[in-house]
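Participant: Just passing along the structure, written as structure tokens.
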Amino acid sequence: MNKRIYLSAPHMGGKELEFIHQAFDENWIAPLGPNVNGFEQDLASYSGALHAAALSSGTAAIHLALILAGVTTDDIVMASSFTFSATINPIAYQKAKPVLIDSEEQTWNMDPVLLEEAIKKYIEKGKKPKAVIFVHLYGMPGMIDEVADICKKYEITLIEDAAEALGASLHGKKLGTYGDYGIFSFNGNKIITTSGGGALVANDENKIAKARFLATQARDVAPHYQHSEIGFNYRMSNIAAGIGRGQMLVLDEWVEKRRANFEFYKNAFENKGFTFLEEREGAFSNRWLTTAVLSSDLSFNREELRKRLEEQNIETRPLWKPMHLQPVFKECGSYLNGVSERLFEHGICLPSGSSLSDEEKDFIKNEIIKMLN
Ligand SMILES: *Cc1c(COP(=O)(O)O)cnc(C)c1O
């Protein structure tokens, strides 16, 4: 059997160990230290946000953003339905109420028209939403300009879940910097990884300082341990941050490799019953995962394709199952138009790692061609 081809494997650039060695040499084996500070500076200067806090996960970053936005029990938070559960779970941590908004066709991300309709309805009911969490799925820039305008108009905090979108931009401005807060993830399958980790970015220095405070158990300034607020253990370790500093050196290169994967699949299967998501004017996707929607004219469906490739030790994945279809979120309010359900039914994520070799890509291509014939 051939070596397994993963959907999105970690890909080290080579300099990561140097940063880790430095941490060992100086005994900074803690959730603070020079790599944490350095990684935060790298993230801020790369994204164009003024400040960044390195955290233990993207989920932790979303949780802290909600707390900083003042979200608490029974508050309404509107969020993309077409996403990974980590976008929505932190709303539940705060005992607030998620309202799930469906996608538009062009970028597959939150539909601004549905969002505004939902906001108006909830304002009429006297329950103005506290925050909106907007996801750029698969690294494709969504209608964030429109959503930012809506949030400004109604004075609602905007949190950009750019967990999958580090390196992507719209009109030259990096995703994660359009809202009041941006979050990134460095989980093992993301575009760069720290083995596990995340970050919160914002222009408001006080908010990021508060995030760091809450992430280190909310310790007041005192020689003894004194606490006036509930805190969390959400800081990134200096070892993980060392990996992150090494990964930042290759981020743009890895984005180019992922974009090349997309071009490869598109050239191979466009007009053969596979539809690919194009970038609109001004959009630059990091192509975290190459996704395709299968035509119902094909002789096989998404599951048959997935299973056949799995038999060849090739990992693929259906598109995210929308949150409004998840048993755990079925009681949530939702504004739907059928787009995310159709995408879930017919869409697939193809192997997209930046370390995929030409031989592996050809192998995948040939397996799919066999099915097409
Ligand atoms: C990965 C991911 C997260 C969560 O990040 P973790 O670092 O795994 O906690 C949040 N939102 C989206 C859309 C993701 O893909």
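Participant: Picking from Phe84, Phe269, Ala292, whose Cα lies most toward the positive end of the charge dipole for the chain (charges on Cβ: Lys, Arg +1; Asp, Glu -1)?
Facilitator: Checking the options against the dipole of the chain, the answer is Phe84.
Participant: Could you give the dipole magnitude of the chain about its Cα centre, charging the beta-carbon of Lys and Arg +1 and that of Asp and Glu -1, in debye to the nearest 20?
Facilitator: That gives a dipole near 640 debye.
Participant: Going Cα to Cα from Lys128, which lysines come in below 18 Å? Please leave out same-chain ones fewer than 8 positions away.
Facilitator: Partners found: Lys95, Lys97, Lys120, Lys152, Lys153.
Participant: Given springs between every Cα pair under 10 Å in a Gaussian network model of the chain, which of Val147, Val201, Val250 has the largest fluctuation?
Facilitator: Ranking Val147, Val201, Val250 by mean-square fluctuation puts Val250 first.
Participant: Of Pro31, Pro223, Pro129, which has the largest mean-square fluctuation in a 10 Å C-alpha GNM of the chain?
Facilitator: Comparing Pro31, Pro223, Pro129 in a Gaussian network model of the chain, the most mobile one is Pro223.
Participant: By what distance, in whole Å, do the Cα atoms of the chain stretch along each of the three principal axes, largest value first?
Facilitator: 72, 60, 36
Participant: Can I ask one more? Sort 326-334, 251-259, 295-303 by the packing proxy (mean of other Cβ within 10 Å over each peptide's residues), most packed first.
Facilitator: Listed from highest to lowest mean packing, they are 251-259, 326-334, 295-303.
Participant: Quickly rank 35-47, 273-285 as a protection proxy: mean count of other C-beta atoms within 10 Å, highest first.
Facilitator: The most tightly packed comes first, giving 35-47, 273-285.
Participant: Which FRET efficiency, nearest 0.05, do His224 and Ser299 yield, Cβ-Cβ r, R0 51 Å?
Facilitator: That gives a FRET efficiency of 0.10.
Participant: Right, another one. Let me have the 222 nm mean residue ellipticity of the chain computed from DSSP H runs of 4+ only, each contributing -39500 (n - 2.57), with the sum over all residues rounded to the nearest 500.
Facilitator: Rounded to the nearest 500, it is -11500 deg cm²/dmol.
Participant: Separate question: Carbon and sulfur: what percent of region 251-372's accessible surface (1.4 Å probe)?
Facilitator: 44
Participant: Further, regarding this structure: Compute the length gained on full extension between Ser355 and Ser45: take 0.36 nm times their separation in residues and subtract their Cα-Cα distance, giving the result in nm to one decimal.
Facilitator: Working it through step by step, the gained length comes to 109.0 nm.
Participant: Per-residue counts of other Cβ atoms within 10 Å, averaged by peptide: what ranking do you get for 81-90, 357-366, highest first?
Facilitator: Peptide ranking by packing, descending: 81-90, 357-366.
Participant: Considering Cα pairs under 8 angstrom that are at least six residues apart, work out the relative contact order of region 263-373 and quote it in whole percent.
Facilitator: Once divided by the residue count of region 263-373, the mean separation gives 33 percent.
Participant: Checking the a/c ratio against 1.5 first, then a/b against b/c, what shape does the Cα gyration tensor give for region 236-373?
Facilitator: The shape class here is oblate.
Participant: What FRET efficiency would be calculated for the residue pair Glu311, Gln106, taking the C-beta separation as r and a Förster radius of 41 Å, to the nearest 0.05?
Facilitator: Approximately 0.75, to the nearest 0.05.
Participant: Could you please state how large a percent of the accessible area of region 29-187 is carbon and sulfur, counting protein chains only and using a 1.4 Å probe?
Facilitator: 52
Participant: How many Å² of accessible area per residue for region 184-286, probe 1.4 Å?
Facilitator: 46
Participant: Please state the charge dipole magnitude for region 150-243, taken about the Cα centre, from unit charges on C-beta atoms (+1 on K and R, -1 on D and E), reported in debye and rounded to the nearest 20.
Facilitator: Computed charge dipole of region 150-243: roughly 160 debye.
Participant: Let me ask something else. Quote the relative contact order of the chain in percent (integer), defining contacts as alpha-carbon pairs under 8 Å separated by 6+ residues.
Facilitator: Averaging sequence separation for qualifying contacts and normalising by length gives 25 percent for the chain.
Participant: Going 7 Å from the Cα of Lys128 along its beta-carbon direction, which residues of region 140-164 have the amide nitrogen within less than 19 Å of the resulting point?
Facilitator: 147-159
Participant: Moving to a separate point now. Antiparallel DSSP bridges in the chain: what percent, to the nearest 5?
Facilitator: 55
The values are calculated or read from the model by the stated rules, or taken from the named source; none is laboratory data. Given the structure is predicted, the values throughout are model-derived calculations rather than measurements. Virtual Cβ from ideal backbone geometry, glycine too; neighbours counted across all protein chains shown. Please note that ligands, DNA and RNA were not included when accessible areas were found on the heavy atoms of the full protein model with its side chains. Shrake-Rupley method; radii C 1.70, N 1.55, O 1.52, S 1.80 Å.
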